[in-house]
């Protein structure tokens, strides 16, 4: 049978790598393994949870220090009223600009040192909704 042409295709026959369940049952060597099936939503949620930290670290920009910070991964409905109490208390704060619908904001400081102080503090800050703030130096 091996090599015979059926429906214009050559047939290739090989031995199975494992014995079938029917053979194992007949010989009394079958052990039942209960398999748990997860829904796609459960699998996707677990993968997203595992990758959350790695993805956020990959999105952090490696720009040289300057006096402008970028805040990203913010909710697209974020307003100045929510962000101002977070960044305004830092010495040297100059301006806050939000890009509507994009989930990013820019924070200007008077000096690079002031921006460094704010950046190191904001890395551990969260929004009032509980979401983490991701920040980096802007270009």
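The values are calculated or read from the model by the stated rules, or taken from the named source; none is laboratory data. Bear in mind the structure is a predicted one, so any value in this text is a computation, not a measurement. Every residue, glycine as well, gets a Cβ built from its backbone with ideal geometry; the counts of neighbours run over all protein chains shown.
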Problem set entry | Identity of the residue in the range 120-139, surrounded by 13 or more Cβ atoms within 10 Å (Cβ to Cβ) and within 15 Å of residue 85 (Cα to Cα), that ends up farthest from the chain's Cα centre (by Cα) | 121
Problem set entry | Residues (in a strand (DSSP E or B) and touching a helix residue (DSSP H, G or I) at 6+ places or on another chain (Cβ under 6 Å)) located in the range 106-133 | 107, 109
For this session: Inspect the range 31-51 for any residue being at pLDDT 80 or above, assigned to a loop (DSSP other than H, G, I, E, B), surrounded by 11 or more Cβ atoms within 10 Å (Cβ to Cβ) and more than 16 Å from the chain's Cα centre (by Cα) and give the result as yes or no.
Result: no
Problem set entry | Checklist (1) at pLDDT 90 or above; (2) on the phi < 0 side of the Ramachandran plot; (3) in contact with a strand residue (DSSP E or B) (Cβ under 9 Å, 6 or more places away or on another chain) applied to residue 85, failing item | (3)
Exercise. When you look at residue 23, is it over 15 Å from the mean Cα position of the chain (by Cα), at pLDDT 80 or above and under 30 Å from residue 98 (Cβ atoms), yes or no?
Worked result: no
